[in-house]
Amino acid sequence: MCGIVGYIGYEQAAPFLLSGLEKLEYRGYDSAGICLNDGNELVVKKAKGKLAELKKLTDNGKNIFGTVGIGHTRWATHGEPSDVNAHPHLSDSCRFAVVHNGIIENYLQLKDYLSSRGVVFRSKTDTEVIAQLIEYYYKGDLIDTVIKVLSKLDGSYALGVISQENPDEIIAVRKESPLIIGLGDNENYIASDVPAILAKTRKIYRLENNEIAIIRRDTVKIINTDKEDVKKQIETVNWDIDAAEKGGYEHFMFKEIMEQPKAIRDTITPRIKDRRVVLDEISLTADQIRKYNKINILACGSAYHVGVVAKYIFEKILRKPVEADLASEFRYRDPIIDDKTLTIVISQSGETADTKEALKEAKRRGSHVISIVNVVGSAIACESDDVIYTWAGPEIAVATTKAYSTQLAVIYLMAIYFGDLMETITDYEYEMYISELEALPSKIEKILDNEESIQYLASKLFNSKDVFFIGRNIDYALSLEGSLKLKEISYIHSEAYAAGELKHGTISLIEEGTLVIALATHEELIGKIISNIEEVQARGAYVLGIASENHKEVGNVAQSAIFIPKTCDMMLPSLAVVPLQLFAYYVASLKGCDIDKPRNLAKSVTVE
Ligand code: F6R
């Protein structure tokens, strides 16, 4: 969602602010702005729309001066996308400027309070109250003022503040919304995410909740809200800078699809030693694991779809009841969960607001939480009892691909590990699963080598108006992801259906030429899905089947088919998802869609 950058040094700040914001574009936004202290006053430039508008307005940063500045990309929540609602926001007298990620829940009360005392607001945002409150309470000490203002705010925030009063300082604060400080030579930076500063430095501090950073050109001091010093470890980011660049590909999404074999290798290799799964990250003893009587999985979007796959896998292998819950619904249904339930939370960003709140609810009710997270040090990682990181590297495209695949890989590792501890898998199965897991990356490479055939199919089918994805069992779980991938980036209406459910209503929507993508990978259910294919064909559907290469009969029934290499049932989603991702990608590309930044979407959904 929103993005924050800030610079303090001896160079002109604007070029860094603009390029930093560019690196955060992937998070999703609808306006952008920067504010610099030019030595006399705080100068703000803001523009609705893409960053290109702001660049035009500032002549690529050449007509706005100053060596201290903050910048922001805004994803509208309070107030429509517009120049005036864009950040940074200034206080009444223009002495203080603020950029903010998150939501101030009590902003209306604060706004009423200030308005009744004569403060005039310019925007409809919750953020402006912060700038106005700073001015209202300012008595000569900016830190004291910021601490006082924080005590008035309910909600979540990452803040960057600059002022005319303290021209050689940026104040940064974090509560529930990520913020990092980049450490340079005689210059320092703030950012809501690592890619923004990667070209400048790899040395960072990650702010924790309620920490305040006072950032000058050559020092960074971190304190808590009692003004006590906080000692922090410098973290070195080990991302390869190329990981956050397109590297010659037209889109991040395509690059990330192609990176999946490596991402899976990086995730599984350190966790398989002497042909045994080693999950040192899990602090539970074998005895504790055996005693759980239920597993609850909490996640949103594609990560939830991994949870649905996991439900099928865990129930089959571990013989324990598993619930896959939409994190956005979990808290509102008084869930039955306690210390006998093991909770697994899945999140790429580690910042998704609903997932984070569901996690807290599970913990409040006594459940042990293991999270599967991609972003190191993110809020969900910090709040969990145990964290298993997916080593997918930075995922920039809004539509997830490699994170989804590495989350699945962790689910397989957990299924093997728990299955062994619970003695629900045999030695033979254990060995077979390890072999299949190790073979996955090269099997995915084989599918990727054949991507032109999927491009060809996309060129035949990209004009579809409605698409139905059908499957049974684990294929149904995968069809949820296939459908989401297609609709979110190509804007084609699509639905995922348990194949047996179609005839309970939805089959009435099938007409001449409707595209049905039938997932037919599940060995035991091939016969049944073939019957479902025939049912929809009888009503005029065009069927694209996706099957294992040992089930060529699917190709005889469906009008078109894509075959994937053979693997064990549990791991089929890792192979079958690749053609679905490529199909969605090529359809969106042929339709001329903004693939990496689909409309209305944000990479990291930090509001509930
Ligand atoms: C879809 C997609 C989203 C995310 C969802 C959860 O392609 O990426 O559905 O999966 O917003 O995000 P994380 O995993 O960051 O919690």
Give the number of residues within region 568-608 that are surrounded by fewer than 21 Cβ atoms within 10 Å (Cβ to Cβ) and not hydrophobic (A, V, I, L, M, F, W, C).
9
Within region 310-329, can one find any residue that is more than 23 Å from Gly155 (Cβ to Cβ), within 15 Å of the ligand (Cβ to nearest atom) and assigned to a helix (DSSP H, G or I)?
yes
Residues being among the charged types (D, E, K, R) and within 16 Å of the ligand (Cβ to nearest atom) - total across region 330-348:
1
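Every residue, every condition in (1) in the same structural domain as Tyr412 (by TED's automatic domain parsing); (2) more than 24 Å from Ile346 (Cβ to Cβ); (3) away from the ligand (no atom under 16 Å from the Cβ); (4) at pLDDT 95 or above, yes or no:
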position	(1), (2), (3), (4)
Gly505	no, yes, yes, no
Leu509	no, yes, yes, no
Gly527	no, yes, yes, no
Ala547	no, yes, yes, yes
His551	no, yes, yes, no
Ala584	no, no, no, yes
Ala602	no, no, no, no
Val607	no, no, no, no
For region 455-485, give me each residue that is within 16 Å of the ligand (Cβ to nearest atom), closer than 18 Å to Leu582 by Cβ and either modelled with pLDDT under 95 or part of a helix (DSSP H, G or I) (or both).
Leu478, Ser479, Leu480, Glu481, Gly482, Ser483, Leu484, Lys485
Matching residues in region 103-121 (surrounded by fewer than 17 Cβ atoms within 10 Å (Cβ to Cβ) and either within 22 Å of Met1 (Cβ to Cβ) or outside the structural domain of Val43 (by TED's automatic domain parsing) (or both)) number 3
Under the condition of being surrounded by fewer than 22 Cβ atoms within 10 Å (Cβ to Cβ) and of a type in the set (Lys, Arg), which residue from region 46-84 is farthest from the chain's Cα centre (by Cα)?
Lys62
Any residue at all in region 371-386 that's surrounded by fewer than 24 Cβ atoms within 10 Å (Cβ to Cβ), modelled with pLDDT of 95 or more and in contact with a strand residue (DSSP E or B) (Cβ under 6 Å, 6 or more places away or on another chain)?
yes
Give me a count of the residues in region 472-491 that are more than 22 Å from the chain's Cα centre (by Cα) and not aromatic (Phe, Trp, Tyr).
4
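Being free of Cβ contacts under 8 Å to residues at least 40 places away in the same chain, hydroxyl-bearing (Ser, Thr, Tyr) and within 12 Å of the ligand (Cβ to nearest atom) narrows it down to one of Ser371, Ser378, so name that one. Steps first, please.
On the way: Ser378 fails: free of Cβ contacts under 8 Å to residues at least 40 places away in the same chain.
That would be Ser371, the only listed residue that is free of Cβ contacts under 8 Å to residues at least 40 places away in the same chain, hydroxyl-bearing (Ser, Thr, Tyr) and within 12 Å of the ligand (Cβ to nearest atom).
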Within the set of pairs 6+ apart or on separate chains, which have a first residue in region 39-57 that is in contact (Cβ under 8 Å) with a residue 60 or more places away in the chain, a second that is among the aromatic types (Phe, Trp, Tyr), and C-beta atoms under 8 Å apart?
Gly39/Phe65; Leu42/Phe96
Filter region 89-102 down to residues that are out of contact with any helix residue (DSSP H, G or I) (no Cβ under 8 Å at 6 or more places or on another chain), crowded, with 24+ Cβ neighbours inside 10 Å and not small (Gly, Ala, Ser), then give me how many there are.
2
For region 289-313, give me each residue that is touching a helix residue (DSSP H, G or I) at 6+ places or on another chain (Cβ under 6 Å) and small (Gly, Ala, Ser).
Ala299, Ser302, Ala310
Looking at (1) small (Gly, Ala, Ser); (2) surrounded by fewer than 20 Cβ atoms within 10 Å (Cβ to Cβ); (3) in contact with a His (Cβ under 9 Å, 6 or more places away or on another chain), which is the only condition Ala32 fails?
(2)
Name the residues in region 125-154 that are loosely packed, with under 15 Cβ neighbours inside 10 Å and either in contact (Cβ under 8 Å) with a residue 40 or more places away in the chain or among the acidic types (Asp, Glu) (or both), would you?
Asp141, Asp144, Ser151, Asp154
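Which count do you get for residues in region 352-367 that are in a loop (DSSP other than H, G, I, E, B) and surrounded by 17 or more Cβ atoms within 10 Å (Cβ to Cβ)? It would help to see each step written out before you state the result.
Our first condition is that a residue be in a loop (DSSP other than H, G, I, E, B); within region 352-367, this holds for 352, 365-367.
With surrounded by 17 or more Cβ atoms within 10 Å (Cβ to Cβ) added as a condition, the list becomes 352, 367.
The total comes to 2.
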Please state which of the following conditions Glu423 fails to meet, knowing it meets all the rest: (1) away from the ligand (no atom under 16 Å from the Cβ); (2) part of a helix (DSSP H, G or I).
(2)
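Which residues, counting only those in region 487-500, are farther than 11 Å from Ile517 by Cα and within 16 Å of the ligand (Cβ to nearest atom)? Steps first, please.
Looking only at region 487-500, we keep the residues that are farther than 11 Å from Ile517 by Cα, and these are 487-493, 498, 500.
Correct list: Lys487, Glu488, Ile489, Ser490, Tyr491, Ile492.
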The lone exception for Tyr157 - which of (1) of a type in the set (Ser, Thr, Tyr); (2) modelled with pLDDT of 95 or more; (3) buried (at least 21 other Cβ atoms within 10 Å of the Cβ) it fails:
(2)
Return a yes/no flag: does region 393-406 have any residue that is closer than 30 Å to Asn293 by Cβ, in a loop (DSSP other than H, G, I, E, B), within 11 Å of the ligand (Cβ to nearest atom) and at pLDDT 95 or above.
no
Looking only at residues that are more than 14 Å from the ligand (Cβ to nearest atom) and either under 26 Å from the mean Cα position of the chain (by Cα) or surrounded by fewer than 16 Cβ atoms within 10 Å (Cβ to Cβ) (or both) in region 291-309, which one is farthest from Ala496 (Cα to Cα)?
Lys291
Would you be able to say whether some residue in region 265-288 is crowded, with 20+ Cβ neighbours inside 10 Å, modelled with pLDDT of 95 or more and within 23 Å of Ser479 (Cα to Cα)?
no
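Inside region 27-144, counting only helices (runs of 4 or more DSSP H) that do not spill past its ends, which hold 2 or more residues that are touching an Asp or Glu at 6+ places or on another chain (Cβ under 7 Å)? Even if it seems obvious, please write down each step before you answer.
Working: elements: 51-57, 107-116, 128-137.
Because the criterion is at least 2 residues that are touching an Asp or Glu at 6+ places or on another chain (Cβ under 7 Å), the helices (runs of 4 or more DSSP H) in region 27-144 that meet it are 128-137.
For Ala243, indicate whether it is touching a Leu at 6+ places or on another chain (Cβ under 6 Å) and either aromatic (Phe, Trp, Tyr) or modelled with pLDDT under 95 (or both).
On the way: touching a Leu at 6+ places or on another chain (Cβ under 6 Å): no; either aromatic (Phe, Trp, Tyr) or modelled with pLDDT under 95 (or both): yes.
Against the criterion (touching a Leu at 6+ places or on another chain (Cβ under 6 Å) and either aromatic (Phe, Trp, Tyr) or modelled with pLDDT under 95 (or both)), Ala243 does not qualify.
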Strands (runs of 3 or more DSSP E) lying entirely in region 492-594 (those with 2 or more residues that are touching a residue at least 60 places away in the same chain (Cβ under 8 Å))
542-548, 560-564
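The values are calculated or read from the model by the stated rules, or taken from the named source; none is laboratory data. Because the structure is a prediction, the values reported are computed rather than measured. Cβ sites come from the backbone with ideal geometry, for glycine too, and all protein chains shown count toward neighbours.
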